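Heads up: the structure comes next, in structure tokens.
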Amino acid sequence: MRFLTVLLLLSTCFFASTLAGPRMRSVPSGFVYYVLSNQLHALEGAVKTQNKVIFTKIYDAGATDEKVIEEAMNHWKGYRFKARKAAFSVGTINQIIGQYQIETPLKEKDNSIYPITLVRDSLSPTGWKIKRMG
């Protein structure tokens, strides 16, 4: 009798969870963290070398105007980034949502965590493009 009660309880929980639909959270992965770290490193390199071609392929500056691209590059100049969390967006493997931290050479440390969104882009050398970086 106890076995039937436990079986009934487990089956009810299983069916209730499947009826609730897909999970409403991202799915973490070590591979995704590696992709985010690689993308942040590529961004640092493009800014450091002032390579506008690579910068526009890995970062969505919002426009193709030279002045806008230069402003975006100057905005990130001198920063080092550290990936903190990364996961595929719910229901797709074409978008990564994550968090990063800015490491500055200054004495005051910025311990803030900022959001970042990557989308797949076949024209990018890394295969991903930074869509939003907060």
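The values are calculated or read from the model by the stated rules, or taken from the named source; none is laboratory data. Predicted model, so just to flag it, every value in this text is computed and none were measured. Neighbour counts run over all protein chains shown; Cβ positions are idealised from the backbone, glycine included.
Being in a helix (DSSP H, G or I), free of Cβ contacts under 8 Å to residues at least 12 places away in the same chain and within 20 Å of S122 (Cβ to Cβ) is the filter here; which residues of the range 46-68 pass it?
V53
For the range 100-110, check the following and say yes or no: at least one residue is within 16 Å of the chain's Cα centre (by Cα), under 13 Å from L36 (Cα atoms), surrounded by 11 or more Cβ atoms within 10 Å (Cβ to Cβ) and at pLDDT 85 or above. Explain how you work it out, then say what you get.
The initial filter retains those residues of the range 100-110 that are within 16 Å of the chain's Cα centre (by Cα), namely 100-102.
Okay, now just the ones that are also under 13 Å from L36 (Cα atoms), so 100-101.
When the remaining residues are screened for being surrounded by 11 or more Cβ atoms within 10 Å (Cβ to Cβ), the result is 100-101.
Then drop every residue that is not at pLDDT 85 or above, which leaves 100-101.
Within the range 100-110 (the criterion being within 16 Å of the chain's Cα centre (by Cα), under 13 Å from L36 (Cα atoms), surrounded by 11 or more Cβ atoms within 10 Å (Cβ to Cβ) and at pLDDT 85 or above), the answer is yes, since at least one residue qualifies.
Among the residues of the range 38-64, write down those that are surrounded by 17 or more Cβ atoms within 10 Å (Cβ to Cβ) and hydroxyl-bearing (S, T, Y).
Hits for the range 38-64 are T56, Y59.
Can you give me the number of residues within the range 69-95 that are out of contact with any Asp or Glu (no Cβ under 7 Å at 6 or more places or on another chain), touching a residue at least 40 places away in the same chain (Cβ under 8 Å) and part of a strand (DSSP E or B)?
5
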